[in-house]
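A.B. asks: Take this structure first; my questions come after.
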Amino acid sequence: MSYYTYILKSFKNNKFYVGYTSNLEQRIKLHNSGKNLATKSDGPWKLYYAEEFADEATAIRREKQIKGWKSRKAIERLKFK
């Protein structure tokens, strides 16, 4: 099974959301359905960036690393690698 660390970007206000999942397509649908409290008020969301990993622990570490940057510019640079 694959796991993904992903970044969503809000159409509404250009905010970013970082998360991880084992089913990327389903997770994006959940964010856009308004059922996720963290993203409910800022949708619709589009996939901005994603990385695939072989195990959940690595995907979680990468999510924490990206969240730790606290820099919009650092996140935006990922898109252009």
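A.B. asks: Taking a probe of 1.4 Å, how large is the accessible area per residue of the chain, in Å²?
C.D. replies: Per-residue value: 65 Å².
A.B. asks: Also: How much length, in nm to one decimal, is gained on full extension between TRP69 and ASN36, taken as 0.36 nm per residue of separation minus their Cα-Cα distance?
C.D. replies: So the chain would gain 9.6 nm between TRP69 and ASN36.
A.B. asks: With charges set only on the Cβ (+1 for Lys and Arg, -1 for Asp and Glu), what does the dipole of the chain come to about its Cα centre, in debye to the nearest 20?
C.D. replies: Dipole of the chain, to the nearest 20 debye: 500 debye.
A.B. asks: Ranking request for peptides 60-72, 10-22: highest mean number of other beta-carbon atoms within 10 Å first, then the rest in descending order.
C.D. replies: Final packing ranking: 10-22, 60-72.
A.B. asks: Same structure, new question: Could you tell me the accessible area of ASP42 in Å² (1.4 Å probe, neighbours in place), rounded to the nearest ten?
C.D. replies: 20 Å²
A.B. asks: To continue, here is another question. How far apart, in nm, are the 7 Å Cα→Cβ label points at ARG61 and GLN26?
C.D. replies: 2.6 nm
A.B. asks: Once you list every other residue whose beta carbon is under 14 Å from the beta carbon of SER2, what net charge do they have if Lys and Arg are +1 and Asp and Glu are -1?
C.D. replies: -3
A.B. asks: On a 21 Å Cα-Cα criterion, which of the cross-link pairs LYS15/LYS79; LYS15/LYS40; LYS35/LYS64; LYS35/LYS73 come out too long?
C.D. replies: Long pairs (Cα-Cα over 21 Å): LYS35/LYS64; LYS35/LYS73.
A.B. asks: Got a sec? Charge dipole of the chain, +1 on Cβ for Lys and Arg, -1 for Asp and Glu; which of THR5, GLN26, GLY43 is way out at the positive end?
C.D. replies: Value computed over the given set: GLY43.
A.B. asks: If you roll a 1.4 Å probe over segment 10-81 with all protein chains in place, what percent of the accessible area is carbon or sulfur?
C.D. replies: 52 percent
A.B. asks: Based on Cβ point charges of +1 for Lys and Arg and -1 for Asp and Glu, what charge dipole magnitude is obtained for segment 16-55 about its Cα centre, in debye rounded to the nearest 20?
C.D. replies: So the dipole magnitude of segment 16-55 works out to roughly 300 debye.
The values are calculated or read from the model by the stated rules, or taken from the named source; none is laboratory data. Predicted model, so just to flag it, every value in this text is computed and none were measured. All Cβ positions, even for glycine, are placed from backbone atoms using ideal geometry, and neighbour counts span all protein chains on display. Ligands, DNA and RNA are excluded from the accessible area calculation, which covers all protein heavy atoms including side chains. Shrake-Rupley method; radii C 1.70, N 1.55, O 1.52, S 1.80 Å.
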